[in-house]
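What follows is one structure encoded as structure tokens, with my remarks underneath.
The values are calculated or read from the model by the stated rules, or taken from the named source; none is laboratory data. Keep in mind it's a predicted model, so treat the numbers as computed, not measured. Glycine gets a Cβ as well: all are built from the backbone with ideal geometry, and neighbour counts include every protein chain shown.
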Amino acid sequence: MIKPSFLSASFLALPLLVEGQVPPLPSAGALYRNWPVVVGLQFHTLAMPFSDGKSAFSNPGLSVGTEFRYNRRATLLQGLQAGYYHNRYAGNGLYAAPQLVYRPRFGPLYAELRAGAGVLYAMQPGHSYELKDGSWQTNNQGGKLMLMLPVGLSLGYNGRQASPRISPFVSYQVFVLHGYNPAIPVVPNRLLQAGVRAHLFNH
Amino acid sequence: MKTVCLGLLLALGACTPVDFVAPATTCTAETSINPSFSKAAGLRQVLQHYAAAGLPGCVVAVYSPTEGYWADAAGFAQIENRTPMQVCHLQYGQSVAKTYAAAALLLLYEEGKVQLDAPITDYLPATLSRKLPDAQKITVRMLLNHTSGLPDYSSNADYIAYLLQHPKHRFSSADYLDFLTGSKLEFKPGSKFSYSNTNYLLVALITDAIHGNHVQLIQDRILAPLGLQRTFYHNTPNYLRQPDVVNSYFERYGNGRVENVSQMQQINVETLYGDDGIVASPLDYVNFLRALMEDRLLKPSSRQLMMSWVNDPKTGQPKYGMGLYHIEHQGQVAYGHGGAGLGAGCALYYLPDKQLYFFLGVNMGTLTEGKLVSKTGELRDAVLDELVK
């Protein structure tokens, strides 16, 4: 017995699934061009994965990046992402992280699984003080460079154009910081991102 | 759209550092000290050395029956306006509060109102005990000597992350217990020692359940009779917001730089109950421990209970009683408690062989590690070295 709700969902999905009712898609590799500009709005939270949902959109920032493919089908890519977020209480962050990206396509949609390693400069949320030459010196938001290990999932839309110029996406990334404090080996963080991949150049 | 963009730019540009500085003033000491205390010069030198090495401020208070009281301080109660650290400033006791909580519950034990070997479910409201794993297997004694096996809520990764992201959030006691949701006991209750702040939060909640008000019990039966007028424990909602309380510093990244986290520390400590939550002058801490050890607070048998040690599972040596640690330094035994918090650290101990009581406080967090935090451990050892000479 097929439930009516499933039936209606199937009808909605039918145009996407049945070849012949829509123009045939060119192969992913044929569509892909290296070095797109990837820009996004992001929100940072110092939190364990899937917790502190109320803070999900609290600490805004921007990300930029680009990528190139490793295979003809463009399902395996090398991405490079850099970004900044403003986090009043946990400290602002500036990062750069190369990531290996696996990107299977599902019709006009694509998913991404990405993982990598990078560096993050974590700024102290408040004024910091350091004893130098016997007196306390103020340092306006000093910080520390740390190892950043991000993993993420994304969902994007390529559309059906043979040569999409703009692909919107949403992304959920978690990353751990190593080196926050010797007593805290890793600190969990979360980035929610929404952005576009814009193919500005013909490569 | 323009408004959204403008808002985003303003949000990104709002880079004013967060300001957690609290007011701090100089104060006046009301207890006379013995300026010719035999260990004064050595202890003063130790304090000045570590203040010069990068600890924001540090203070020591000592008492011996033959020489009376002595106290001194070095560094700053607040770096920003160069308020000197003084012996009259109120210091965070952090986990030293556990000694007070244990004593308060033992006062009820002396009145026959609590049985140490009864399950905690006999006393805790069901709304709280059902948040705990296997609560019916845990006794009051196991809470007092940290053998319950209950996980420490303060080690929970969700809690630490939430605290760092929301430093002004006020947790309730129930919130702290919620961090145990889905957890299991770490070992069979009563089988070994494992320090857990959860145990003493529950000691306070049990005292509340029996007496009605754990805070009032400590005020009426401990602080007032002992004349500890410079000790404050949840007596008013803003009891930590007085200018005599030292500012608190946090070496967040362990890199030799400290941030002023005074307001964060105040809010955090104000929400801690039983396992923390106390401030006092250094001499008040010393006087409390004196009263305990001189049997002016509890019956000798109850004090002996506090000193019935469970062993360290690693070394097999005596480790913890009920709200009291058993430590050794250069072959000398000491009884008391240490305290470590986000923005302060301390030690309150009695050296029976030397007949010496001491309190050591620093206004920098010792929960984490770092270039400066490591010096607080060195400072404690240096103070003990001087005392056992």
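Observations, loosely collected:
- A:L94 vs. criteria modelled with pLDDT of 95 or more, closer than 30 Å to B:G370 by Cα and more than 9 Å from chain B (Cβ to nearest Cβ): yes
- For segment A:79-102, the set of residues classified as more than 20 Å from B:Y253 (Cα to Cα) and free of Cβ contacts under 8 Å to residues at least 40 places away in the same chain consists of A:L80, A:A82, A:P98, A:L100, A:V101, A:Y102, listed by residue number.
- Condition met for B:A340 (more than 24 Å from B:F187 (Cα to Cα), in contact with a Phe, Trp or Tyr (Cβ under 6 Å, 6 or more places away or on another chain), modelled with pLDDT of 95 or more and not charged (D, E, K, R)): no
- Restricting segment A:158-182 to residues that are hydroxyl-bearing (S, T, Y) and either within 14 Å of chain B (Cβ to nearest Cβ) or in contact with a Ser or Thr (Cβ under 6 Å, 6 or more places away or on another chain) (or both), the residue that is nearest to A:G195 (Cα to Cα): A:S171
- Pairs, first within 14 Å of B:Q355 (Cβ to Cβ) in segment B:52-74, second of a type in the set (S, T, Y) and part of a loop (DSSP other than H, G, I, E, B), C-beta under 8 Å, six or more apart: B:E67/B:S38; B:Y69/B:T31; B:Y69/B:S32
- For segment B:96-106, the count of residues that are surrounded by 19 or more Cβ atoms within 10 Å (Cβ to Cβ), of a type in the set (K, R) and at pLDDT 95 or above is at least one.
- If you go through segment B:20-54 and keep only what is in contact with a Phe, Trp or Tyr (Cβ under 7 Å, 6 or more places away or on another chain), part of a loop (DSSP other than H, G, I, E, B) and at pLDDT 85 or above, you end up with B:I33, B:N34, B:F37.
- Selected residue [buried (at least 19 other Cβ atoms within 10 Å of the Cβ) and not hydroxyl-bearing (S, T, Y)] from A:Q137, A:Q124: A:Q124
- Of the set (1) surrounded by fewer than 24 Cβ atoms within 10 Å (Cβ to Cβ); (2) within 28 Å of B:T368 (Cβ to Cβ); (3) touching a helix residue (DSSP H, G or I) at 6+ places or on another chain (Cβ under 8 Å), all apply to B:G277 but (1).
- Top-ranked residue in segment A:15-46 [being at pLDDT 90 or above and more than 30 Å from B:A157 (Cα to Cα); ranked as farthest from the other protein chains (Cβ to nearest Cβ)]: A:N34
- Single unsatisfied condition, A:Y70 versus (1) within 11 Å of another protein chain (Cβ to nearest Cβ); (2) out of contact with any Cys (no Cβ under 9 Å at 6 or more places or on another chain): (1)
- For segment B:55-102, filtered to residues that are out of contact with any Asp or Glu (no Cβ under 7 Å at 6 or more places or on another chain) and in a helix (DSSP H, G or I), the residue that is nearest to the other protein chains (Cβ to nearest Cβ) is B:V96.
- Among residues of segment A:129-152, those that are at pLDDT 90 or above, under 25 Å from A:R190 (Cβ atoms) and at the interface with another protein chain (Cβ under 8 Å from one of its Cβ atoms), counted: 2
- Test: residue in segment B:253-269 that is touching a residue at least 12 places away in the same chain (Cβ under 8 Å), surrounded by fewer than 24 Cβ atoms within 10 Å (Cβ to Cβ) and at positive phi: yes
- Residues of segment B:239-262 satisfying the condition of being among the acidic types (D, E) and away from every other protein chain (no Cβ under 11 Å): B:D244
- Of all the criteria given as (1) more than 27 Å from B:N247 (Cα to Cα); (2) under 17 Å from the mean Cα position of the chain (by Cα), the one not satisfied by A:H86 is (1).
- Remark: pairs (first residue in segment A:47-58, facing another protein chain (nearest Cβ under 7 Å); second residue surrounded by 11 or more Cβ atoms within 10 Å (Cβ to Cβ) and of a type in the set (K, R); Cβ separation under 6 Å; 6+ apart in sequence or on different chains) = A:A47/A:R190.
- Pair list, Cβ under 8 Å, 6 or more apart: segment B:321-344 residue on the phi > 0 side of the Ramachandran plot, other residue part of a strand (DSSP E or B) and not hydroxyl-bearing (S, T, Y): B:G323/B:H337; B:G336/B:I327; B:G336/B:A347; B:G336/B:L348
- Scanning segment B:315-325 turns up one or more residues that are part of a strand (DSSP E or B) and among the aromatic types (F, W, Y).
- Residues of segment B:224-245 that turn out to be surrounded by 22 or more Cβ atoms within 10 Å (Cβ to Cβ) and out of contact with any helix residue (DSSP H, G or I) (no Cβ under 8 Å at 6 or more places or on another chain), as a count: 1
- Search result, residues across segment B:59-77 that are surrounded by 22 or more Cβ atoms within 10 Å (Cβ to Cβ), over 15 Å from B:Q45 (Cβ atoms) and not small (G, A, S): B:Y63, B:F76
- In this structure, B:G254 does not satisfy being assigned to a strand (DSSP E or B) and small (G, A, S).
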